[in-house]
1. For the stretch 5-23, which residues satisfy the criterion of being surrounded by 15 or more Cβ atoms within 10 Å (Cβ to Cβ) and either hydroxyl-bearing (Ser, Thr, Tyr) or over 16 Å from TYR65 (Cβ atoms) (or both)?
2. Touching a residue at least 60 places away in the same chain (Cβ under 8 Å), touching a Pro at 6+ places or on another chain (Cβ under 9 Å) and surrounded by 14 or more Cβ atoms within 10 Å (Cβ to Cβ) - does that describe any residue in the stretch 48-58?
Amino acid sequence: MTAVHNEQTKLLATALNNIAVAYVVIGFVTPMTAASFGVPSAPALRVENAIFTLVRLGTGCALHYGARRAPRSLKP
């Protein structure tokens with residue numbers, strides 16, 4: 001049963017990390033890149049947009065932190 005638990009824990013960590021990457025790319029990298037290149041459909045540079053961008057970055061970092069902590073429950 002230990003091998004099954006370890007594999008499930010690794011899958012959980014991978015899933016959390018993939019969601020974290022998606023949050024950072026979609027919520028932080030894409031708007032910043034679009035704004036820096038002057039894309040016409042880019043979100044306007046307003047305080048609300050900056051706050052939402054930072055919230056998405058923070059959410060991605062928190063999910064990544066959870067993904068890093070998940071393997072600590074692996075059993076030898």
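What follows is calculated from the coordinates using simple rules that are stated; it is not laboratory data. Predicted model, so just to flag it, every value in this text is computed and none were measured. Cβ: placed from backbone, ideal geometry, glycine included. Neighbour counts: every protein chain shown.
1. Selection gives ASN6, THR9, TYR23.
2. no
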